[in-house]
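Beneath this line is the structure, given in structure tokens, with notes to follow.
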Amino acid sequence: EMEVPVWHVLDRNSIEAYVSYITDSDSIGAIGAVFPVIFFIVAALVSLTTMTRMVEEQRMQIGTLKALGYSKMSIASKYLLYAAVASFVGVILGTIVGSIGVPLAICGAWGIMYEMPETIIQFLPLYIILGVIIAMGSTVLAAYLACRKELATVPAVLMRPKPPKAGKRVFLENISSIWSKLSFTSKVTVRNLFRNKKRFAVTVIGIAGCTALILSAFGIRDALGGVVDNQYGKESGVARYDLQVVLKDGQVDYDNSSIVKDINSQDGIEKSMLGYLKVCTGFSDRSDKSMEIDILIPQNPAIFQDFIDLKLGKNDVPLTDEGAVITTKLADKTNTKIGDTLTVSWIEGSKTFEYEVLVTGIVDNYTFHYVYMTPYYFSTLINSPLTYNYLFCHVDDSFTTEQRAFLEKSVNELRGVNGSVFTTVVIDNVNNIVNTLNLVVLVFIIAAMSLAFVVLYNLNNINVNERIRELATLKVLGFYNGEVSAYIYRENIFLTLIGIALGLVLGIPLNIAVVGVVDIDQLTFNTTLKPLSYVIAVIMTLVFAIIVNVLMHFKLKKISMVESLKSVE
């Protein structure tokens, strides 16, 4: 007497864990496609500055070699080879860290969420070759550009010291109300800053890149961490309930349901709402994207707002009998607007059901995709009465983890219950994703800080070497070590502050781009950065700037006045 069974064939994309793993992998891969661009740009600028300084320091050697008859290419080959070897060593170290260290760290973090097999380390030739080409190309090109100008000069000029740049009036001098109030040292600092425009630009860009990277790294954390707060926050979240209970049999009425009464009688249940929840597929002819959605229908729409807060921004969105309310990301992915229709479909047995739903509202939501309807609208849609299969409950906030576990066990033991789940389980799952990407964020923060250190230290070192005679002269004139250091510090602090300000501005669109790249279908990220992220990005950049200045102080103390002043002779 059994009916002929119906087969439903599902591929691996129907397995939640598989899809989740792929999503996480794609997110980290997407991050890896954005950040290296900034690193390479700043690295190329630093390489250009470094090689330029190196060539300028050896002007006399270059002039001597030219005078002895060496060709331009043979002279330039020394610097080109130096740049190539240095970048090649960097590529080797980066390949080892990137191919072994980072994958092991990420897979170790993923062990929190997934049962991971042994990590197999692979060296990907395409990426390594690409890294070699970009890294070596940028450094060797920087060396060539640095050599080209010097090699075009005649030997007699090269064998003389390079004359210092002539002082120029700066734009601030035209504003007498400000310029007249500056002290002598402040005026000197302003003029020195604008005397070497290349150093000014490279320092500011380097610091700005570092700050922007740190800010966007913390922006990823804010975006992921905000999902939990925005969706399940007790005061301002979308989902206000604490417990979902799946009922074995459909219930017609809340007041006359024995199983609802049994659940409500449990210690800790403060309030509940009967509802209907169905997983189906949503799509439209305006988009080729189909989404897995949950149709959610409250038995009593009058109390629905106590359990699900339907809002778009700060405005309440009503649930009416004229149509359905859908969530923002579902609307975006299916290109659906208010007044459009959305097709929802599901399979029951051997039949496929498909209905056109009129969209009357769009609301904020941060996890998964929902279509909300009133019982009346859904019943007219399917032309059938509705029975309810879920109970959404508020639980006493003072309940401990142990009390909640006992409550869940007690509810599950009731005869009319199929199972139950606390929203804390969903929160834990989202937090696991956040914890996984925290390691990636840490990697980028360390890389960004290393970049800041290299940029600041390198440029400060170049700055001191360029002005060694100037600084020695200050010592001869009686300046103390602290005053000589402050002479350089003022410029560094000013450049650092400008770089930080620019980095904070650039960090906002960079954060939006990065969060957009790591987009996950099941989650909606908030691209608004928290004030604390700005503060941390500023503090971390300043800390490294202070460390570099302290290191420079010890170098400035060792300047030999006599040797520096007679270095030309």
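The values are calculated or read from the model by the stated rules, or taken from the named source; none is laboratory data. Quick caveat, the model's predicted, so the values are computed rather than measured. We place every Cβ from the backbone using ideal geometry, glycine too, and count neighbours over all the protein chains shown. Note: accessible area is taken over every heavy atom of the protein model, side chains too, but ligands, DNA and RNA are not part of it. Shrake-Rupley method; radii C 1.70, N 1.55, O 1.52, S 1.80 Å.
Worth a mention:
- Ratio of the Cα radius of gyration of region 463-520 to 2.2 N^0.38 Å, where N counts its residues: 1.90
- Overall shape of region 32-124 was characterised from the C-alpha gyration tensor. The equivalent ellipsoid obtained from it has semi-axes of 44, 14, 8 Å, in decreasing order.
- Relative packing of peptides 2-15, 544-557 - highest average C-beta neighbours within 10 Å first: 544-557, 2-15
- The length gained on full extension between Asn13 and Thr387, counted as 0.36 nm times the residue separation minus their Cα-Cα distance, comes to 131.6 nm.
- Count Lys and Arg as plus one, Asp and Glu as minus one, and take only other residues whose Cβ is under 14 Å from that of Ser420; the net charge is then 0.
- CD proxy at 222 nm, helix term only [per DSSP H run n ≥ 4: -39500 (n - 2.57); per residue of the chain; nearest 500]: -19000 deg cm²/dmol
- Set of lysines with alpha-carbon distance to Lys181 below 24 Å, sequence-local pairs under 8 removed: Lys168
- For region 1-66, fraction of C-alpha pairs farther apart than 16 Å, in %: 74
- Annotation: Ile120 carries an accessible surface of approximately 140 Å², with a 1.4 Å probe and no ligand, DNA or RNA atoms counted.
- Compared with the alpha-carbon gap, the fully stretched path from Asn429 to Ser77 is longer by 121.1 nm at 0.36 nm per residue.
- A straight Cα-to-Cα reach below 17 Å connects Lys311 with the aspartates and glutamates Asp229, Glu235, Asp332, Asp364, residues fewer than 8 places away in its own chain not being considered.
- Accessible area (Å², per residue) of the chain, counting only protein heavy atoms and a probe of 1.4 Å: 52
- Where only C-alpha atoms are counted, convex hull volume of region 385-500 per residue in Å³: 221
- Inter-label distance, nm, simple model (7 Å from Cα along the C-beta direction), Lys197/Thr320: 6.2
- Stokes-Einstein D for the chain, Kirkwood Rh over Cα pairs, 37 °C, 0.692 mPa s (µm²/s): 113
- Approximate shape of region 193-327 as ellipsoid semi-axes (Cα gyration tensor, √5λ), whole Å, largest first: 49, 20, 14
- Accessible surface of the chain [probe 1.4 Å, protein heavy atoms]: carbon and sulfur percent: 62
- Shown here is the pair-distance distribution of region 350-448: with all Cα-Cα distances grouped in 5 Å bins from zero up to the longest one, the shares run 2, 8, 11, 13, 13, 14, 14, 11, 7, 4, 2, 1, 0 percent.
- When the pairs Lys78/Lys197; Lys187/Lys558; Lys234/Lys530; Lys271/Lys351; Lys66/Lys557; Lys289/Lys530 are compared against a 29 Å limit on Cα-Cα distance, Lys271/Lys351; Lys66/Lys557; Lys289/Lys530 fall above it.
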